[in-house]
1. Step by step: first the residues of the range 217-235, then only those that are among the hydrophobic types (A, V, I, L, M, F, W, C) and open to solvent by 20 Å² or more (accessible area, probe 1.4 Å), then the one that is farthest from Arg190 (Cα to Cα). Which residue is that?
2. Restricting the range 180-195 to residues that are under 33 Å from the mean Cα position of the chain (by Cα) and surrounded by fewer than 19 Cβ atoms within 10 Å (Cβ to Cβ), which is nearest to Leu215 (Cα to Cα)?
3. Which of the residues spanning the range 88-131 are at pLDDT below 80 and closer than 26 Å to Trp306 by Cβ?
4. Going by what's in this entry, would Glu61 be described as open to solvent by less than 100 Å² (accessible area, probe 1.4 Å) and not in a helix (DSSP H, G or I)?
5. Do you know which residues across the range 28-50 are loosely packed, with under 12 Cβ neighbours inside 10 Å and polar (S, T, N, Q)?
6. Looking at (1) small (Gly, Ala, Ser); (2) closer than 22 Å to Asp204 by Cα; (3) surrounded by fewer than 19 Cβ atoms within 10 Å (Cβ to Cβ), which one does Gly238 not meet, given that it meets all the others?
7. Could you look through the range 132-163, keep only residues that are over 13 Å from the mean Cα position of the chain (by Cα) and open to solvent by less than 30 Å² (accessible area, probe 1.4 Å), and pick out the one that is modelled with the lowest pLDDT?
8. Pull out all pairs, ordered by first then second residue, where Cβ-Cβ is under 7 Å, the residues are six or more apart or on different chains, the first lies in the range 1-24 and is closer than 12 Å to Tyr70 by Cα, and the second is at pLDDT 80 or above and among the aromatic types (Phe, Trp, Tyr).
Amino acid sequence: MIDNMPDLNLVRLFVAMVESRNLSAAAQRCGMTRSNMSHRLKRLELDLGAQLFRRTTRHVELTQAGQLLYQHGIRLLDEMRAVQAAIDSLDGAVRGDVRIRLPTGLGHLYLAPVLLEFARAHPDIALRVHINDGIGDLISAEVDIALKITSSPPEDHVARRLCGIQWCLCASPGFLARNGPVQHIEQLGRCDLIAPQSLGRRFDLRLKQAHGDPLILRVAPRLQSGDYPFLRDAVLAGLGVALLPRYAVWEMLRDQTLVQVLPTFEPEGVGDAIYLLTAPNRFPSMATRVLADFIREHIERHARDWGGTLPAASDQAFTPS
């Protein structure tokens, strides 16, 4: 009987309760009072004839019935959003909302203009853009897709590798003129280093060679930040040798605004690839898929500019005794 089917709006509120971790946060997220949320939860449990939450001495957890409803509920809501988007797109235009999270470096230094281009090309798609490095759980963060630079993509998300990321050491011509060329690993150890904050205040900088084992140099950077535009500004200001992803500086290396330091070595950075992440139990809408394809095509088209092959070691390269 249709009358025995649970109210879809109540299912939507229940999913919000689960993803918000507590009733107060869910009420705030849904724009209603806590008592109203509690009343609707009881109504849903009566409709289903099952208890959905179990309160223990320490916290509230889902019952088996609650787990089943959540698993099927999120798929149902995603399907309904997809159906609505498909209906809206019957005239050939793609419509919908997409929530995307980008890492700071890739977001500010490359993808921001790409998203603006996408917004101009798809005026019927609304974008909510978050630029920060805290990926977290995409469902609880209400994010549809995220990009992450890492060597180990999270196992609890669907991760699609877009391209590899290479890192380089670089400095301004003015810095090298004042301090002399850096031709040996030992000289690098005496330079002021600019590096991402996530690597730690002291860390082992691994330098790969075209042939042979990587060399390791213990470093303590003078300047660190999670804001990659700041790191790039710092190296352009001549404040030291910077460890940066090649996508952030390839144009400056090409134009010789910056100079690569120790080009016969490839340093390891924060991650070696860009991954596109989606939640494992969400069906992406047409708008989400269109945005993901747009970003993927742009990155694949420009990834060749971010690459760099290690040249053969020169006589001046430092080799350990």
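1. The residue in question is Phe230.
2. Step one: list which residues in the range 180-195 are under 33 Å from the mean Cα position of the chain (by Cα), which gives 185, 188-189, 191-195.
After this cut, where a residue has to be surrounded by fewer than 19 Cβ atoms within 10 Å (Cβ to Cβ) as well, the list is 185, 189, 192.
Numbers: Ile185: 9, Gly189: 12, Asp192: 19 Å.
Going through the qualifying residues, I end up with Ile185.
3. Selection gives nothing.
4. Working: open to solvent by less than 100 Å² (accessible area, probe 1.4 Å): yes; not in a helix (DSSP H, G or I): yes.
Yes.
5. Ser35
6. (2) is the only condition that Gly238 fails.
7. So the residue we want is Ile139.
8. Short answer, once both residue conditions are applied: Val15/Tyr70; Val18/Tyr70.
The values are calculated or read from the model by the stated rules, or taken from the named source; none is laboratory data. Quick caveat, the model's predicted, so the values are computed rather than measured. Virtual Cβ from ideal backbone geometry, glycine too; neighbours counted across all protein chains shown. Accessible surface is based on the protein model in full, side chains and every heavy atom, while ligands, DNA and RNA are left aside. Shrake-Rupley method; radii C 1.70, N 1.55, O 1.52, S 1.80 Å.
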